[in-house]
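The values are calculated or read from the model by the stated rules, or taken from the named source; none is laboratory data. Because the structure is a prediction, the values reported are computed rather than measured. Please note: Cβ atoms are built from the backbone with ideal geometry, for glycine as well, and neighbour counts cover all protein chains shown. To get the accessible areas, we keep the full protein, side chains included, count just its heavy atoms, and leave off ligands, DNA and RNA. Shrake-Rupley method; radii C 1.70, N 1.55, O 1.52, S 1.80 Å.
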Amino acid sequence: MRRDPLILGAGPAGTAAAITLARAGHRPVLIERSAGPTDKVCGDFLSIDAIEWAHSLGVDPTALGGEPIRTVRLTHGGQTAEAALPFPALGLSRRTLDAALLRQAENAGAVVRTGQTVRRLNRDGDRWCVQIDGQAALTAETVFLATGKHDPRDLPRPGTRQGAIGMKMYFALAPNAARALEGATELTLFPGGYAGLQHVENGRTVLCIAVRREAFQRYGGGWAGLLGAIGQRSRRFAGTLEGARALLPRPLAVAGIPYGYLASPDGLFRLGDQAAVIPSLTGDGMAIALYSGQKAAEAWLSGMESGGFQDNLGRTLAPQMRLAGLLHRGGTGGPIQAAAVPIVRLFPGLLGHAATHTRLRRPARLAS
Ligand SMILES: Cc1cc2nc3c(=O)[nH]c(=O)nc-3n(C[C@H](O)[C@H](O)[C@H](O)COP(=O)(O)OP(=O)(O)OC[C@H]3O[C@@H](n4cnc5c(N)ncnc54)[C@H](O)[C@@H]3O)c2cc1C
């Protein structure tokens with residue numbers, strides 16, 4: 001008899017794995033450091049695959065209040081291009097989505113331990129030893145590592161030291177600005193990064209920014225400097241935020257995002273951002289998290305070893321990661337960034353094409 005896996009981290013990846021294992025009659029233990037629902041650095045864009053996977057796990061993002069998104073808008077300097085999204089999408093806060101997934105995991109039979117932070121994870125013979133703040137250490141034959149943007153001590157993912165910065169804030173926009181953004185996800189390109197704006201549930205608007213570390217320092221190393229720098233280059237962006245009221249006491253931030261990272265087998269089942277970090281402009285990270293969580297659980301249930309799972313996952317994600325990496329490099333600076341909007345204005349279909357081909361799964365009706 002194999003003992004049930006220990007799942008570290010209750011974001012979309014960890015909860016998807018927990019729900020899948022619990023539905024198969026197991027009682028996985030899910031360890032999460034937050035004591036209750038929290039906001040997370042994420043653009044809150046739920047792509048069609050994320051919506052469908054959430055549904056298959058018993059969570060309906062539309063019923064949770066997700067705001068429909070039908071259009072994608074790209075802006076740079078004074079120029080804007082727009083195209084219809086080739087698939088339905090939603091704006092839904094991570095606080096709401098993650099809480100619903102966690103409830104679902106608990107209802108399905110997973111043992112949920114919140115408010116517990118994993119400090120260390122080491123191999124001890126044929127077991128993993130997991131050290132948790134203020135608790136007795138746990139041992140497990142199988143660990144699903146789903147701590148997302150945060151690495152356990154001693155297990156840093158390569159690239160985190162030079163990795164990008166992510167920042168986020170919720171706003172109540174002025175009425176005209178809110179109307180102009182209705183039904184759209186808007187990506188503003190600026191030297192060193194991009195900023196995404198869209199509505200989420202309860203009349204709020206999310207602004208989420210990904211910026212290279214050196215550009216962030218150049219803009220003063222803070223939120224105000226970053227907003228000022230983007231607003232100086234884009235009147236549209238500055239106009240959207242004019243008269244907006246910030247809804248969090250301070251912006252959320254995460255550093256060291258290793259865009260492009262793809263895990264190699266190391267004895268763990270790595271899920272979500274611990275398996276692959278797709279550039280944020282694709283808005284497909286949550287889909288990858290939900291998919292990899294489900295697939296890891298299915299692999300374990302079928303008796304597959306972690307190495308086989310990680311190899312398969314890496315092969316599945318590689319094409320999408322390659323294209324996303326190219327778009328990310330082009331979108332964060334240089335001549336491609338400057339040419340992006342004029343090109344898309346000439347060929348608006350390109351935006352939909354990029355959106356479709358950076359999806360994890362391309363349902364036949366989307367393939368162009
Ligand atoms: C700037 C930015 C914008 C993005 N925008 C989008 C978007 O619009 N759409 C999209 O689909 N994706 C987006 N992503 C990607 C998306 O946020 C991630 O891919 C997704 O959150 C990965 O899910 P996860 O479950 O692997 O990790 P996470 O969502 O990070 O969840 C990990 C969980 O583990 C917990 N945890 C961490 N450390 C510990 C510890 N030591 N002990 C116990 N628990 C721990 C955390 O509290 C958290 O609940 C964006 C990412 C960034 C950086």
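Points to keep in mind about this one:
Rundown of residues vs (1) over 22 Å from THR356 (Cβ atoms); (2) away from the ligand (no atom under 16 Å from the Cβ); (3) touching a strand residue (DSSP E or B) at 6+ places or on another chain (Cβ under 8 Å), yes/no style:
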| position | (1), (2), (3) |
| --- | --- |
| THR282 | no, no, no |
| MET286 | no, no, yes |
| LEU290 | no, no, no |
| MET304 | yes, yes, no |
| GLN310 | yes, no, yes |
| THR316 | no, no, no |
| ARG322 | no, yes, no |
| GLY325 | no, no, no |
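- Near pairs, Cβ below 7 angstrom, 6+ apart or cross-chain, from the range 173-194 (within 24 Å of ARG218 (Cβ to Cβ)) to any residue that is of a type outside the set (Gly, Ala, Ser) and open to solvent by 30 Å² or more (accessible area, probe 1.4 Å): LEU187/LEU281; LEU189/HIS76; PHE190/ARG233; GLY192/ARG212; GLY193/ARG212; TYR194/LEU187; TYR194/LEU281
- Residues of the range 1-20 that turn out to be in a loop (DSSP other than H, G, I, E, B) and within 14 Å of the ligand (Cβ to nearest atom), as a count: 3
- Taking every residue in the range 21-38 that is part of a loop (DSSP other than H, G, I, E, B) and pairing it with any residue that is modelled with pLDDT under 95 and of a type in the set (D, E, K, R), at least 6 positions away or on another chain, the pairs with Cβ-Cβ distances below 9 Å are HIS26/ASP4; ARG27/ASP4; PRO28/ASP4; ARG33/ASP133.
- Hits in the range 22-56 (condition: touching a Leu at 6+ places or on another chain (Cβ under 7 Å) and more than 6 Å from the ligand (Cβ to nearest atom)): ALA24, PRO28, VAL29, ASP39, LEU46, ASP49, ILE51, TRP53, ALA54
- Candidates GLY203, GLY239: the one that is at positive phi, at pLDDT 95 or above and more than 10 Å from the ligand (Cβ to nearest atom) is GLY203.
- Checking each residue in the range 219-241 for being surrounded by 15 or more Cβ atoms within 10 Å (Cβ to Cβ) and farther than 22 Å from ARG179 by Cα picks out TYR219, TRP223, LEU226, ALA229, ARG233.
- Exactly one residue out of ILE230, ILE257 is among the hydrophobic types (A, V, I, L, M, F, W, C) and within 15 Å of the chain's Cα centre (by Cα), and it is ILE257.
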